[in-house]
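I have placed the structure first, in the form of structure tokens, so that the comments after it can refer back to it.
The values are calculated or read from the model by the stated rules, or taken from the named source; none is laboratory data. For clarity, every value in this text was computed on a predicted model and none was experimentally measured. Note that we place each Cβ from the backbone using ideal geometry, even for glycine, and neighbour counts take in every protein chain shown.
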């Protein structure tokens, strides 16, 4: 239990402090998909694109995604994390908060449809972890993050 907690804390540190576009690919034998772009496509949807094809099941799994408020101490709007909160399994997105579907046949782009509108003018950070390439070995690091503001 203690070892699992320490591993989880290490993952959280990587996810929160990694520079966008940099990852821990050297720690795994398979290439690690990294977030390439994010854009809001409707009042309750964002589209994300990875730099390579991903395992579709992992790409569609809400528990691999976190939304952090960049301004509020407590989660608000679509956020599951306040601005100072750490990434943990129990504060990831859930199936009741978001549905995630592939956009293309290459499984590089996905649309996240939130169960509520993304508040206009509110700034958030999307954090992604644990997503692998198809058939890839399990990965315990981050896949990048991006800040966006509700439109």
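Of all positions in region 113-134, none carries a residue that is free of Cβ contacts under 8 Å to residues at least 60 places away in the same chain, surrounded by fewer than 17 Cβ atoms within 10 Å (Cβ to Cβ) and closer than 18 Å to residue 52 by Cα. Residue count for region 110-142, restricted to those that are part of a strand (DSSP E or B) and within 14 Å of residue 93 (Cβ to Cβ): 11. Note on region 79-93: residues that are out of contact with any strand residue (DSSP E or B) (no Cβ under 8 Å at 6 or more places or on another chain) and in a loop (DSSP other than H, G, I, E, B) total 3. Answer yes or no as to whether residue 149 is within 22 Å of residue 33 (Cβ to Cβ) and surrounded by fewer than 17 Cβ atoms within 10 Å (Cβ to Cβ). Taking the combined requirement at face value, the residue does not satisfy it. When 96, 76, 63 are screened for being surrounded by fewer than 16 Cβ atoms within 10 Å (Cβ to Cβ), under 13 Å from the mean Cα position of the chain (by Cα) and outside any strand (DSSP E or B), only 63 passes. Going through (1) part of a helix (DSSP H, G or I); (2) touching a residue at least 24 places away in the same chain (Cβ under 8 Å) one by one, residue 57 falls short only on (2).
Here's the yes/no breakdown for (1) touching a strand residue (DSSP E or B) at 6+ places or on another chain (Cβ under 8 Å); (2) at pLDDT 50 or above; (3) closer than 15 Å to residue 142 by Cα:
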position	(1), (2), (3)
4	no, no, no
10	no, no, yes
17	no, no, yes
25	no, no, yes
32	yes, yes, yes
36	yes, yes, yes
43	no, yes, no
53	no, yes, no
57	no, yes, no
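Taking the numbered list (1) surrounded by fewer than 17 Cβ atoms within 10 Å (Cβ to Cβ); (2) more than 30 Å from residue 121 (Cα to Cα); (3) modelled with pLDDT under 95 in turn, residue 21 passes all entries but (2). If you check residue 104 against the conditions, is it modelled with pLDDT under 95, out of contact with any helix residue (DSSP H, G or I) (no Cβ under 7 Å at 6 or more places or on another chain), in a loop (DSSP other than H, G, I, E, B) and over 21 Å from residue 151 (Cβ atoms)? Judged against the criteria, residue 104 is a match.
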